[in-house]
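First the structure, in the form of structure tokens, and then the observations on it.
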Amino acid sequence: MKTILRAVAAAAALAALSASAQPAAPEVTLTRLDCGSGNNDQRRFSDSFAYTKPEVPFTFSCYVIKHGDDYMVWDTGYLPGSNPSAPKVTLGQQLAQINVKPEQVKFVGISHFHADHTGQLDTVPGATLLIGEREWAALKTTPPMAGANVAGFKHWLTDGGKVEPQAGDKDVFGDGTVMVLRTPGHTPGHQSLLVRLKDKGPVVLVGDAAHFHENYQNNGVPGFNYDRAQTIASMERIKEIEKNLKATVIIQHDPRDIGKLPAFPASAK
């Protein structure tokens, strides 16, 4: 009996030692940055004439994800000074306020190639660009697809930076905490982002898979979207993720969702 007890104790001690030797899970945080604000004609965002308001508030958001010692930027907003909705404070200045240097940013993920999401990409030229495969192809065609902000991608299009075109989902850091999700429809290679936070839980940043609560709730499709069926399928996918993971869905252009994350410079954890 003593021999058995010694063996059990030794096994328990070995298990405890093994557990203590495991590296601690990296801290993951999510910070919203202000990348512009203005108004938009809501009637443009339904191909079935669902909306009647000629003007509603519209916001432009960028995000910083901290994963241990690594950083990722998601979307980069308008270039300051480019139009009345553009931000007054640059992405670089906001990164500095949270003590992040551009060279620390390992990845820059974009939802899609429009200027309101890619205007400040050159803030982080050393970051690996995570872009939908079909989005990247549309940028490189002659001529590029209409609406693509080619100028914003110049650094990567001229081989100045590393690019990882995504054919499907991507587990960015290899541990499931930050995942780029394939959600085409608004554009050919549109993407959304899932961030799993320890305290707040999973958060989905939808890019332009939906522009307003009304779009998301009722599967509303803007007439200018690339593919109607894919748009609806992507919204349905996000809704399933929301239900299965009990996730917080953030519609990036809807100012009603700004309060779902702490006010800058605080982070959700």
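Below are the figures for this structure:
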read-out	value
Cα-projected label distance for THR141 with VAL89, points at 7 Å along beta-carbon direction, nm	4.0 nm
FRET efficiency, 1/(1 + (r/R0)^6) with R0 45 Å, evaluated for ASP199 and ASN39 via beta carbons	0.85
Total formal charge among the other residues, if their Cβ is under 9 angstrom from that of LEU181, Lys/Arg +1 and Asp/Glu -1	+2
Degrees, to the nearest 10: 228-245 long Cα axis against longest axis of the chain	30 degrees
Computed FRET value (nearest 0.05) for ASP175 with SER82, which takes r as the C-beta separation and R₀ as 25 Å	0.10
Inter-label distance, nm, simple model (7 Å from Cα along the C-beta direction), ASN99/ALA151	3.6 nm
Sum of side-chain charges, ILE250 neighbourhood, beta-carbon under 15 Å (Lys, Arg +1; Asp, Glu -1)	+1
Restraint check, LYS66/LYS88; LYS140/LYS269; LYS66/LYS162, Cα-Cα greater than 26 Å	LYS140/LYS269
Nearest 10 degrees, 0 to 90: helix 2-21 Cα axis against the chain principal axis	30 degrees
Low-density loop cleavage sites - trypsin sites (Lys or Arg not before Pro) in the stretch 107-197, where at most 14 other Cβ are within 10 Å (DSSP)	LYS162
Full-stretch length increase - LYS269, PHE224 - with 0.36 nm per residue and alpha-carbon distance subtracted	12.6 nm
Theoretical FRET efficiency, 1/(1+(r/R0)^6), r = Cβ-Cβ of PHE49 and ARG237, R0 22 Å, to 0.05	0.30
Pair ASP69, ARG256: separation of 7 Å Cα→Cβ label points (nm)	4.4 nm
Cβ-based net charge around THR158, under 12 Å, with every Lys or Arg adding one and every Asp or Glu removing one	0
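Every number in this text was worked out from the coordinates using simple rules, so none of it is lab data. None of these values were measured; they are calculated from a predicted model. Positions of Cβ are backbone-derived with ideal geometry, glycine not excepted, and every protein chain shown enters the neighbour counts.
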